[in-house]
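*Asks:* Here it is: the structure, laid out below.
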4 protein chains.
Amino acid sequence: MAHRKESVVLLIHCKDRRGIVARVSGFIHDFGGNILDSDHHTDEETNEFLMRMEFASEGLQIPPDEIAAAFAPVAKTFEMRYEVRPSSCRTRTALLVSKQDHCLADLLQRHKRDELHIDIPVIISNHDTCAAWAELFKIPFTVYPVTKETKPQQEQQVLSLLKEHRIELVVMARYMQILSGTFLSQIGCPVINIHHSFLPAFIGANPYRQAYDRGVKIIGATAHYATEDLDEGPIIEQDVMRVGHRDTVEDLVRKGRDLEEIVLARAVRRHVERRVLVYGRKTVVFD
Amino acid sequence: MAHRKESVVLLIHCKDRRGIVARVSGFIHDFGGNILDSDHHTDEETNEFLMRMEFASEGLQIPPDEIAAAFAPVAKTFEMRYEVRPSSCRTRTALLVSKQDHCLADLLQRHKRDELHIDIPVIISNHDTCAAWAELFKIPFTVYPVTKETKPQQEQQVLSLLKEHRIELVVMARYMQILSGTFLSQIGCPVINIHHSFLPAFIGANPYRQAYDRGVKIIGATAHYATEDLDEGPIIEQDVMRVGHRDTVEDLVRKGRDLEEIVLARAVRRHVERRVLVYGRKTVVFD
Amino acid sequence: MAHRKESVVLLIHCKDRRGIVARVSGFIHDFGGNILDSDHHTDEETNEFLMRMEFASEGLQIPPDEIAAAFAPVAKTFEMRYEVRPSSCRTRTALLVSKQDHCLADLLQRHKRDELHIDIPVIISNHDTCAAWAELFKIPFTVYPVTKETKPQQEQQVLSLLKEHRIELVVMARYMQILSGTFLSQIGCPVINIHHSFLPAFIGANPYRQAYDRGVKIIGATAHYATEDLDEGPIIEQDVMRVGHRDTVEDLVRKGRDLEEIVLARAVRRHVERRVLVYGRKTVVFD
Amino acid sequence: MAHRKESVVLLIHCKDRRGIVARVSGFIHDFGGNILDSDHHTDEETNEFLMRMEFASEGLQIPPDEIAAAFAPVAKTFEMRYEVRPSSCRTRTALLVSKQDHCLADLLQRHKRDELHIDIPVIISNHDTCAAWAELFKIPFTVYPVTKETKPQQEQQVLSLLKEHRIELVVMARYMQILSGTFLSQIGCPVINIHHSFLPAFIGANPYRQAYDRGVKIIGATAHYATEDLDEGPIIEQDVMRVGHRDTVEDLVRKGRDLEEIVLARAVRRHVERRVLVYGRKTVVFD
């Protein structure tokens, strides 16, 4: 997945028709682009066409920031939604966190090793518990406490800060607040959440307790895009781990932390590499 | 798990108290038994004690079929439920099947290789589709067709046949009928079912279709003891498999078959080896 | 993976150059083809380009059996090796087996459910042990016994029979003979083998014994193309399973059977769907 | 696995004989101990008996530090090697690290959440790269640089420091030096190492490169006790992850880090909880 060359990703979503691949690859070829990776999927039930093409920046006879405009006529012909994204362009990402720090710490370490190819202009929390991590990695940390009563105002504070930092992606790294529909409708960028169960099993609060009580032999974690319907957003990634009768609820919580970190990090990475396309309640993940 | 020696398994369930292990292992030692394997679990929430001890038959100064009676005073002291089971004693198992043959065929092949240590006196179906498998493995095959109207009578036919064959375990190898509460209350032996999802996700009909529509990245299968509450019985074993956006519902069904076979076979094997103890809605699996 | 429409697969292998995707998708579009699936990979170390395109047969303005010839000029331009394969065309597959029947039985059951999209004109064995399976599935079964002395002659018998049946793929379903270099150089079609370990660990004889003695916590199985260097051929698929200290060698053998069946079946399916391309000692698997 | 009560673990290794379980559980019962967990394994090939018993401290009529002496006569009768370990007693653990910090950082975070139940009196490195982590977690950090020429002296420095801190366990958290036989013979405590492959595949240097070149479809990591024979020590834990043709060597390294962290942490935890017994080249892991 790690291309050694600078590249540009083109993501496309439209109704399936004959000739899309030929037309799009022809477009790239006309500007001197060498396709490094291409993958597409046609949903035969809904006739939707979803494609990801990645081509080398080297040799391109057009500046990367003019590609989107140049592509507009093609997109119009096929009524496409599309995104053009140079790999040189890091995704401006805000992390939301509450008291539990493991997902935050994990993302920051990956960020430092440059696994994720993001910028993190700000970390926002409703508690000051995780301030030391922000300090260690030299990232601004803002605390907006929240109560049931102040939630609307607090969400507006968060929104303002996201706007101010021109955030393109919000990652809820175990942020234990439910985002309101108002918030999500105003945010203007995707939000990735990690739920600590194998969705759709154990929706809602205390999924590890629920899993323990049901006596499952495997637990899971699910990264998904946040939507107004809690835990119902399109799933990006899931993974699981065996548990047994000797595991207490506390053991499930402990084991689950490893899952949560890994699943969330994979989802962020895939999103940032523009490998994920949402359609309906589902995602296509090109990897 | 495969002991080379003839052995006896002792399964125990009671409230936890001091001295159970010492008392039980002392009992076995007094009769010249050499313990091959012992495992126990105390549920600290409910204070329940569950134990499995397996000891060599060789050198025992008591016939295996007299151990249960000899153990009765110990059991009484600790108010135990218990079972004594010599490994030489195969579990008389009936298979229930409908039209889909993969789990049936899988169990029959494992039976022939003697992986399962069972006798199969009879296969019962509501269709004649799987008759050739029964014939190939030379096992009596009885068809009791069923409709909504005839269900009570058909269940009585099945019950009679199970009694006649002194069945100790019923395995639903994709038997697509819901067993009534009446049937389950009269059957007098455990029933193992395979559900084609990662329970408690996707309870009920068409779980692969549900999984497809929800866009999960992993599918599963669950073997559990059948209870009156559909898909709510104590879970014995689960396993999972990755799927992707390219997989259609038909692909999930195909991939799921492998899971169903393996998960069901593991559950049957563990039950037959007396490795499973039910308590509340859950199981302890000693393996 | 299961397309509902008749389709044609085009597999391509060449040195990477600008414009391949555009040229090939243009070719398909020119003949009225609608691309259902396309995937390609460029190995940046070796500059090799490997591609799979699948397009609908419906609407094609050229008979499928003329596509290869029509494509020749494109292939020449880019010095491509390529294959054109209509999905309507089943791969003529011979199964080789010795005494252990589990992989054979598994493949035959999948074949009957039409999971594999192959024809099986013949099963060849050095023993008559598996004859009943061939009979059950009504497939000709030929026994060519082999000893150290008669091996060259026996291999010639096998080769003749493969030629006679115009075999396109040979699957060693636990065929416990090493194929000679002479045999492999004359066979003229790929051979898929299943090795009962996680290669390159435990090459050679008795891998389960080796795994037991080393005390590994996980066992595996590996499907690969057979080459003259035993167990060194390009790997198509691998999978693994946990084992523990309670598992004897016999338990590893038993657990391994499930792995062997599943891994071999996946490899055959992927090969038959033309999802596998070999380059160097490695494979690209488009799935 | 997380017992809520203070407890004592008794680990036993001897030749199998009749009556061991009865004698040991009787011993515990005589002193008022309530057994929380017991597990044992008899290797039927070598006739070795390995057992772990964990009993509640509450109600014990003997101080924990006198149990070992009280048990000596029993141990003598059966010629046992044994260890008595109260859960209140944290294992004094030294971490060895080089430049790569991910395993170190992971262990420190688990330590802070008290997942591991260890004390870390010192971190030792041949580089100062990881000093910031030690500082963040307020743990003394000692750098002993090493060259080919100074290796014997450096190892003596390390040994002295370990002795000074009465270290009971050394964890090589990606310490990129091979420990000499001299060092290992003098250290007087177990050393756990993490090897970044699925042993015994890819022994030695650059296992991810080796895995890439061989084209495996799954990579792994192995935690084992260090012995003089590099990568040949008894395996404590292994885990694996899928990879594909799109993954470069750098991707394998990145994905492997997650495996390394998790596998090493599991091994440390199991060792510290006295769940691991070595016999021959193998381990028994009671979990």
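Just so you know, all these numbers are worked out from the coordinates, no wet-lab data involved. All figures in this text were calculated on a predicted structure; none of them were measured in a lab. Please note: Cβ atoms are built from the backbone with ideal geometry, for glycine as well, and neighbour counts cover all protein chains shown.
*Asks:* What whole number of Å gives the distance from the Cα centroid of region D:56-71 to the Cα centroid of region A:181-205?
*Replies:* One Cα centre to the other: 51 Å.
*Asks:* Another question, then. Which chain B residue sits with its beta carbon nearest the axis carrying B onto C, and how many Å away is it, rounded to a whole number?
*Replies:* B:136, 3
*Asks:* Rounded to a whole number of µm²/s, how large is the Stokes-Einstein D of region D:15-138 at 25 °C and 0.890 mPa s, given Rh as the Kirkwood radius over C-alpha pairs? Can you show the working numbers first?
*Replies:* Numbers: Rh = 17.6 Å.
Calculated translational D: 139 µm²/s.
*Asks:* Mind checking the alpha-carbon convex hull of region C:91-285 and giving the volume per residue in Å³? Numbers along the way, then the final one.
*Replies:* Details: hull volume 22.8 nm³, N = 195.
Convex hull volume per residue, Cα atoms: 117 Å³.
*Asks:* Now, a different point. Which values of log₁₀ I(q)/I(0), to two decimal places, follow from the Debye formula for the protein assembly as shown at q = 0.06, 0.07 Å⁻¹ with a uniform point scatterer at every Cα?
*Replies:* Each listed q maps to, in turn, -0.53, -0.74.
*Asks:* Could you check what % of the DSSP bridge pairs in chain D are antiparallel, to the nearest 5? Working shown, then result.
*Replies:* Details: 38 of 54 bridges.
Restricted to chain D, the bridges split so that about 70 percent are antiparallel.
*Asks:* Could you list the residues of region B:188-210 with an amide nitrogen less than 15 Å from a label point located 7 Å from the Cα of residue B:281 in the Cα-to-C-beta direction?
*Replies:* B:199-204
*Asks:* Follow-up. Which GluC sites (Glu not before Pro) from region A:42-92 combine a DSSP loop assignment with at most 14 other Cβ atoms within 10 Å?
*Replies:* Details: sites: A:44, A:45, A:48, A:54, A:58, A:66, A:79, A:83; in loops: A:44, A:45, A:58, A:79.
Within region A:42-92, the qualifying GluC sites (Glu not before Pro) (loop, at most 14 other Cβ atoms within 10 Å) are A:44, A:45, A:58, A:79.
*Asks:* What is the dipole size for the protein assembly as shown, taken about its Cα centre, with +1 at each Lys and Arg Cβ and -1 at each Asp and Glu Cβ, in debye to the nearest 20?
*Replies:* Numbers: 148 positive and 164 negative charges, 0 e Å.
Dipole size: approximately 0 debye.
*Asks:* Please report, for residue C:206, the nm distances (one decimal) from its label point, 7 Å out from Cα along the beta-carbon direction, to the equivalent points in the remaining copies, shortest first.
*Replies:* 3.4, 5.4, 5.4
*Asks:* May I ask which residue of D:156, D:78, D:201 lies farthest towards the positive end of the charge dipole of chain D, with charges of +1 (Lys, Arg) and -1 (Asp, Glu) on Cβ and the Cα centre as origin?
*Replies:* Positive-most Cα among the choices belongs to D:201.
*Asks:* Taking the 0 to 90 degree range and rounding to the nearest ten, how far is the long axis of helix C:151-164 tilted relative to the main principal axis of chain C, both from C-alpha atoms?
*Replies:* 40
*Asks:* How tilted is helix D:20-30 with respect to the longest principal axis of chain D? Cα atoms for both, answer in degrees (0 to 90, nearest 10).
*Replies:* 70
*Asks:* Using the Cα gyration tensor of region B:7-86, with a ≥ b ≥ c the square roots of its eigenvalues, what is the shape: rounded (a/c below 1.5), prolate (a/b larger than b/c) or oblate (neither)?
*Replies:* Values: a/c = 2.07, a/b = 1.71, b/c = 1.21.
Prolate shape, in that a/c is at least 1.5 and a/b is the bigger ratio.
*Asks:* Among rounded, prolate and oblate, which fits region D:139-249 when a ≥ b ≥ c are the square roots of the eigenvalues of its C-alpha gyration tensor, a/c under 1.5 means rounded, and a/b larger than b/c means prolate?
*Replies:* prolate
*Asks:* Could you work out how far the C-alpha centroid of region A:100-117 sits from that of region D:212-244, in angstrom?
*Replies:* A separation of 25 Å, based on Cα centres.
*Asks:* Exposure proxy check: A:14, B:189 ranked by fewest other beta carbons within 10 Å?
*Replies:* Details: A:14 18, B:189 15.
Ranked by crowding around the Cβ, least crowded first: B:189, A:14.
*Asks:* With charges only on Cβ, +1 for K and R and -1 for D and E, what is the dipole size of chain A about its Cα centre, in debye, rounded to 20? Provide the component values of the computation, followed by the final result.
*Replies:* Values: 37 positive and 41 negative charges, 45 e Å.
Magnitude of the dipole: close to 220 debye.
*Asks:* OK, next. Divide by every residue of chain C the summed helix terms, -39500 (n - 2.57) for each DSSP H run of at least 4, and state the resulting mean residue ellipticity at 222 nm, rounded to the nearest 500 deg cm²/dmol. It would help to have the intermediate numbers written out before the result.
*Replies:* Working: 8 runs with 96 residues, N = 287.
Helix-only estimate at 222 nm: -10500 deg cm²/dmol.
*Asks:* Using the Cα centre as the reference, give the magnitude of the dipole from point charges on the C-beta atoms of region A:1-96 (Lys, Arg: +1; Asp, Glu: -1; all else neutral), rounded to the nearest 20 debye.
*Replies:* On the way: 12 positive and 15 negative charges, 43 e Å.
Here region A:1-96 has a charge dipole of around 200 debye.
*Asks:* Please arrange B:251, B:106 by how many other C-beta atoms lie within 10 Å of their C-beta, fewest to most.
*Replies:* Values: B:251 17, B:106 23.
Placing the least packed residue first, the sequence is B:251, B:106.
*Asks:* Return B:243, C:249 ranked ascending by Cβ neighbour count within 10 Å, so the fewest neighbours appear first. Don't skip to the answer; put the middle values down first.
*Replies:* Working: B:243 20, C:249 16.
So the residues, fewest neighbours to most, are C:249, B:243.
*Asks:* Is region B:86-150 best put as rounded, prolate or oblate by its Cα gyration tensor, with a ≥ b ≥ c the root eigenvalues, rounded for a/c under 1.5, and otherwise prolate when a/b is larger than b/c, oblate when not? Don't skip to the answer; put the middle values down first.
*Replies:* Working: a/c = 2.53, a/b = 1.75, b/c = 1.44.
Prolate shape, in that a/c is at least 1.5 and a/b is the bigger ratio.
*Asks:* Let me ask another. Could you list the trypsin sites (Lys or Arg not before Pro) in region D:84-128 that lie in coil according to DSSP, counting only those with at most 13 other Cβ atoms within 10 Å of their Cβ? Please list the in-between numbers first.
*Replies:* On the way: sites: D:90, D:92, D:99, D:110, D:112, D:113; in loops: D:90, D:99, D:113.
Hits after loop and neighbour filter: D:99, D:113.
*Asks:* Among bridges DSSP assigns within the protein assembly as shown, what percent are antiparallel (round to 5)? Let's see the in-between values first.
*Replies:* Values: 162 of 226 bridges.
Rounded to the nearest five, the antiparallel share is 70 percent.
*Asks:* Along Cα→Cβ at 7 Å, what distances in nm separate the residue D:6 label point from those on the other copies, shortest first?
*Replies:* Copy-to-copy label distances at residue D:6, shortest first: 4.9, 6.5, 8.0 nm.
*Asks:* Still on this model: Where in region C:1-70 are there trypsin sites (Lys or Arg not before Pro) that are in a DSSP coil and have at most 15 other Cβ atoms within 10 angstrom of their Cβ?
*Replies:* Working: sites: C:4, C:5, C:15, C:17, C:18, C:23, C:52; in loops: C:4, C:5, C:17, C:18.
Here the sparse-neighbourhood loop sites are C:4, C:5, C:17.
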